[in-house]
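Notes to accompany the following structure.
Bear in mind these aren't lab numbers, they're just calculated from the coordinates by the rules spelled out. As the structure is a prediction and not an experimental result, all values here were calculated from the model. We place every Cβ from the backbone using ideal geometry, glycine too, and count neighbours over all the protein chains shown.
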Amino acid sequence: IVHWTPFFQTYKKQRYPWVQLAGHQGNFRPGPKPGTILKKLCPQEQACFQLLMRDVLRPYVPEYLGALELRSEEQPPAKVEAAVEASQTATDNHNNNNNNNNNNNNNSNINGPTGCKDSYLQLQDLLADFNEPCVMDCKVGVRTYLESELAKAKERPKLRKDMYEKMVQVDPTAPSDEERQLQGVTKPRYMVWRETISSTATLGFRVEGIKLAKAGSSKDFKTTRTRQQVMDAIRRFVEGYPHAAGKYLQRLQAIRATLRASSFFAGHEVVGSSLLFVHDARAAGVWMIDFAKTLPLPEHLERIRHDAVWQVGNHEDGYLIGVNNLIDIFKEIVGD
Ligand code: ATP
Ligand code: MG
Ligand code: MG
């Protein structure tokens, strides 16, 4: 099944301000074709989309229309409205934005010197078919860093005062006595801890951002951690849209069944990827997005389970733990 944005979009004025709930604002541009967006090309993510277009998961990811290289002056005018900018803090620079060759591809040269070239993935705009959509980004998995990123952080573990301070700001009781004495924590310690302040470590997903049709957006979910807190946030997200929770539940169940049959999923470690939830008064859909940190398994591993406990070296990502918990939560909301 090919999921494709209907061509009639061509004749409609863009009715919606485009909403971006995560990532750097400069990573996205409006696409040259109606119903498409451009995301800064990261080769890892491109490789995933190429495989996904031939996988059973295809109906559950944005359609990939190939790569595009644009000179700066050829780029469409910047009309993208980023609802929320980079949702991660400056020291969280182990995130995948590093993979996006951002160095000279950032906002500053979009209108910059002529002759600059940027590469983009051309993707289906998942918002294009909706009227005044509500959007939620849930980052899936029990960790949001790669094993290689943790290993790198462990190479020369310096004491970090900045990370210690961030930790204390969120939870004054988090540092150990020793860390308190030293007024510092190591980066790997911080990385592991950070996943425990949201629901990532326990529920296998976290809410990254929510945009309601008739209200501003919020990325204020960094410490939304308990099942009850997460459920309340999701309840507010679907409030006033009685059809939405049931449709989300069905779609999530279809995604889970398809994940189990997918050879792409079996053979990849899916880290930092999100489920994007979109609904309006009429329709609701969920798609898998953001594959910049989705990697083929190392050769000695044929497949991972995605619902097993992560131990350093086993590459388990906990993706299905997150999907299962989301399904349970939506079941409870539908049952109300
Ligand atoms: P990060 O790694 O910080 O999560 P990123 O730069 O890798 O960010 P994505 O996660 O792919 O970017 O996307 C960021 C946001 O942009 C999403 O939360 C969503 O709001 C929007 N978005 C991404 N892809 C699409 C799409 N195909 N259609 C509509 N909206 C999208
Ligand atoms: Mg990303
Ligand atoms: Mg993302």
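From the list D280, D290, the one residue that fits, being under 16 Å from F205 (Cβ atoms), surrounded by 15 or more Cβ atoms within 10 Å (Cβ to Cβ) and among the charged types (D, E, K, R), is D290. Select from the range 251-266 the residues that are surrounded by 15 or more Cβ atoms within 10 Å (Cβ to Cβ) and within 14 Å of D55 (Cβ to Cβ) and write down the one among them that is nearest to ligand 1 (Cβ to nearest atom). Going through the qualifying residues, I end up with I255. If you go through the range 258-294 and pick out every residue that is away from ligand 2 (no atom under 13 Å from the Cβ) and farther than 30 Å from A213 by Cβ, you end up with 10.
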